[in-house]
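Quick notes on the structure that follows.
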Amino acid sequence: MKKYAFGVDIGGTTVKLGLFDKEGNVLEKWEIPTVKDNGGERILPDVADSIKEMMAAKGITEDDVEGVGVGVPGPVDAQGNVQKAVNLGWGVFNIPEVMGSYINVPVKAGNDANVAAYGEMWQGGGKGCSNMVAVTLGTGVGGGIIIGGQILTGATGAGGEIGHIHIEDNETDVCGCQNRGCLEQYASATGVVRLATRRLAKDDAPSILRSGDVSAKTVFDAVKAGDTVAIEIAEQFGEYLGKGLAAVAAVVNPEMFVIGGGVSKAGEILFDYIRPAYEKYVFHGCRSAKLALAILGNDAGIFGAAALVLCE
């Protein structure tokens with residue numbers, strides 16, 4: 001009987017790995033460097049070698065392993081074909097086929113944000129929920145959509161890219177995707193700083209934000225302290241994100257939105273600003289969707305990757 005699975009979360013700097021039992025308990029966690037030389041050709045062999053070393057150390061045979069799940073920072077379709085991962089230097093290829101040439105166990109792959117969403121559904125903030133949207137508010141805005149307990153990948157693996165929903169017609173700054181007015185430009189950590197910088201430049205209204213570096217953390221710390229200008233910034237942030245989530249809800253009708261990423265460290269105070277806008281714009285049939293904080297943090301990717309092989 002198969003006893004174990006490995007979850008792999010490939011990032012631009014490090015690869016996070018986890019050994020899991022079939023019940024979803026993480027038994028070991030570790031990291032290896034992401035070697036991106038020569039188009040990232042060493043990444044998958046290095047991952048396979050590291051897993052084999054852990055198997056040897058634990059006395060685990062290939063017959064004991066259900067499989068290896070892999071999360072990748074790029075579009076990945078339902079067959080495991082990566083459609084370029086520019087941060088890794090990868091082109092287009094089938095991850096299970098290539099990884100399977102280095103280790104003799106089943107391999108499944110998915111986009112890292114989708115996989116992290118799957119992890120939050122399996123053992124995190126969305127546990128017990130089979131229709132949910134995970135939103136990661138980090139440097140950008142990532143998303144993962146789970147419908148009927150399955151990741152919605154879309155035709156080319158770009159399903160769930162909610163950070164690039166067009167939300168503002170009057171934007172002049174260019175988003176990283178080269179469009180303008182994307183949700184990511186207002187609801188990410190850098191987006192909150194953009195909103196704050198613009199608000200502070202608008203007039204001389206007193207604010208504790210004028211006394212030091214501005215970040216998403218300092219903005220929401222100031223909100224908690226009752227700073228009027230910071231509250232205005234939070235209201236604008238909530239207006240954009242609430243409107244974006246309402247648009248998503250009208251398409252996929254989730255039970256829950258699970259909010260993670262660095263901005264989410266502000267805590268449930270975020271919901272005080274997101275929920276009013278969400279309820280203002282959302283279709284009435286989707287109004288009951290709950291808002292919850294992600295709880296797996298940086299481990300969501302390895303949990304979700306393991307779930308690819310343990311839950312399907």
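Numbers at a glance
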{"item": "Qualifying residues in region 126-142 (those that are modelled with pLDDT of 90 or more and surrounded by fewer than 24 Cβ atoms within 10 Å (Cβ to Cβ)) - the one farthest from the chain's Cα centre (by Cα)", "result": "Gly128"}
{"item": "Search result, residues across region 173-209 that are in a loop (DSSP other than H, G, I, E, B) and of a type in the set (A, V, I, L, M)", "result": "Val174, Leu183, Ala205"}
{"item": "All positions within region 100-122 that are crowded, with 24+ Cβ neighbours inside 10 Å and not charged (D, E, K, R)", "result": "Val107, Ala109, Gly110, Asn111, Ala113, Asn114, Val115, Ala116, Ala117, Tyr118, Gly119, Met121"}
{"item": "Region 222-234 - residue that is out of contact with any Lys or Arg (no Cβ under 8 Å at 6 or more places or on another chain) and in contact (Cβ under 8 Å) with a residue 40 or more places away in the chain and, of those, farthest from Val192 (Cα to Cα)", "result": "Lys224"}
{"item": "Output for region 133-158, where each listed residue is under 18 Å from Gly260 (Cβ atoms) and either in the same structural domain as Gln79 (by TED's automatic domain parsing) or of a type outside the set (A, V, I, L, M) (or both)", "result": "Thr136, Gly138, Thr139, Gly140, Gly142, Gly143, Gly144"}
{"item": "Single residue of Gly285, Gly238 found to be under 26 Å from Leu195 (Cβ atoms) and free of Cβ contacts under 8 Å to residues at least 40 places away in the same chain", "result": "Gly238"}
{"item": "Those residues of region 159-183 which are of a type in the set (A, V, I, L, M) and more than 13 Å from the chain's Cα centre (by Cα), in sequence order", "result": "Ile165, Ile167, Val174, Leu183"}
{"item": "Residue that is of a type in the set (Gly, Ala, Ser) and not in a loop (DSSP other than H, G, I, E, B), where the choices are Gly7, Gly12", "result": "Gly7"}
{"item": "Residues of region 143-157 classified as part of a loop (DSSP other than H, G, I, E, B) and surrounded by fewer than 24 Cβ atoms within 10 Å (Cβ to Cβ), total", "result": "7"}
{"item": "Residue that is part of a loop (DSSP other than H, G, I, E, B), free of Cβ contacts under 8 Å to residues at least 12 places away in the same chain and closer than 30 Å to Ala292 by Cβ, where the choices are Gly128, Gly74", "result": "Gly128"}
{"item": "Matching residues in region 250-277 - criterion: being out of contact with any strand residue (DSSP E or B) (no Cβ under 8 Å at 6 or more places or on another chain) and either surrounded by 22 or more Cβ atoms within 10 Å (Cβ to Cβ) or in a helix (DSSP H, G or I) (or both)", "result": "Ala250, Val251, Lys265, Ala266, Ile269, Asp272, Tyr273, Pro276, Ala277"}
{"item": "Subset of region 64-94 [under 14 Å from Ala48 (Cα atoms), of a type in the set (A, V, I, L, M, F, W, C) and more than 20 Å from the chain's Cα centre (by Cα)]", "result": "Val65"}
{"item": "Members of region 37-68 that are free of Cβ contacts under 8 Å to residues at least 40 places away in the same chain, within 18 Å of Ser101 (Cα to Cα) and outside any helix (DSSP H, G or I)", "result": "Glu41, Arg42, Thr61"}
{"item": "Pick from region 210-237, criterion of a type in the set (A, V, I, L, M) and not in a helix (DSSP H, G or I), ranking: surrounded by the fewest Cβ atoms within 10 Å (Cβ to Cβ)", "result": "Ala225"}
{"item": "Condition met for Val82 (surrounded by 13 or more Cβ atoms within 10 Å (Cβ to Cβ), outside any helix (DSSP H, G or I) and not assigned by TED's automatic domain parsing to the domain that holds Val141)", "result": "yes"}
{"item": "Residues of region 238-249 satisfying the condition of being surrounded by 21 or more Cβ atoms within 10 Å (Cβ to Cβ) and within 14 Å of Met132 (Cα to Cα)", "result": "Leu245, Val248, Ala249"}
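The values are calculated or read from the model by the stated rules, or taken from the named source; none is laboratory data. Everything numeric here is computed off the predicted structure, so don't read it as measured data. Note: ideal-geometry Cβ built from the backbone for every residue, glycine included; neighbour counts use all protein chains shown.
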